[in-house]
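First up is the structure itself, then whatever we jot down about it.
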Amino acid sequence: NGYNDRQAAGGNGFRSVETGRLSYDLNLGTYLNIMPFVELQDVFYGATRFNQGEANNFSPTVGVNLQSRFQRTFDGALGFSGFKHIVVPSMTYTYRPKTNLNIENTPRYDALDNAFGLSRLETKLDNLFFDTALVP
């Protein structure tokens, strides 16, 4: 939720965002996880950009996340009984088509209001290190 006071242009407005996501987690063996998803988002604006009254902006997003996990354990050192190193590479593709609200009439609260007709590819590489219990 947000409130926007446009003193220079006159007028003000508010925004309320509701988002729901449906996903399914597919584990293909030990090292590959695929998660397709669909996300539905409805944004209610108390006033449009040029104060033309209330408006709703409904937009779906579809995508898929691919993730893998590699791990290795190491003998202990420096008072630790052992270490575990986990590498988690992942890639996410999302597509969000144009919405029903004209971009010229959409108020600009933040980057959420500028995401029309968006195709996006994200990659991430997590390096995790865990230690086991200290040896007294």
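The values are calculated or read from the model by the stated rules, or taken from the named source; none is laboratory data. This is a predicted model, so every value here is computed, not measured. All Cβ positions, even for glycine, are placed from backbone atoms using ideal geometry, and neighbour counts span all protein chains on display. Heads up: the accessible areas ignore ligands, DNA and RNA and are worked out on the full protein's heavy atoms, side chains in. Shrake-Rupley method; radii C 1.70, N 1.55, O 1.52, S 1.80 Å.
One residue stands out in segment 45-98 among those that are closer than 23 Å to THR123 by Cβ and small (Gly, Ala, Ser): the one that is farthest from the chain's Cα centre (by Cα), namely SER68. For segment 94-115, does any single residue satisfy the condition of being in contact with a Lys or Arg (Cβ under 7 Å, 6 or more places away or on another chain), under 25 Å from LEU32 (Cα atoms) and either in a strand (DSSP E or B) or at pLDDT below 75 (or both)? For segment 94-115, residues in contact with a Lys or Arg (Cβ under 7 Å, 6 or more places away or on another chain), under 25 Å from LEU32 (Cα atoms) and either in a strand (DSSP E or B) or at pLDDT below 75 (or both): present.
What about ARG15, is it at pLDDT 70 or above, out of contact with any helix residue (DSSP H, G or I) (no Cβ under 6 Å at 6 or more places or on another chain), among the basic types (Lys, Arg) and surrounded by 15 or more Cβ atoms within 10 Å (Cβ to Cβ)?
For ARG15, the condition - at pLDDT 70 or above, out of contact with any helix residue (DSSP H, G or I) (no Cβ under 6 Å at 6 or more places or on another chain), among the basic types (Lys, Arg) and surrounded by 15 or more Cβ atoms within 10 Å (Cβ to Cβ) - is met.
Among the numbered conditions (1) closer than 28 Å to PRO107 by Cα; (2) at pLDDT below 90; (3) of a type in the set (Asp, Glu), the only one that GLU39 does not meet is (2).
Show me the strands (runs of 3 or more DSSP E) found entirely inside segment 21-87 where at least 3 residues are open to solvent by 90 Å² or more (accessible area, probe 1.4 Å) and either without any contact (Cβ under 8 Å) to a residue 60 or more places away in the chain or not β-branched (Val, Ile, Thr) (or both).
Numbers: elements: 32-45, 55-68, 70-75.
Of the strands (runs of 3 or more DSSP E) lying wholly inside segment 21-87, those with at least 3 residues that are open to solvent by 90 Å² or more (accessible area, probe 1.4 Å) and either without any contact (Cβ under 8 Å) to a residue 60 or more places away in the chain or not β-branched (Val, Ile, Thr) (or both) span 70-75.
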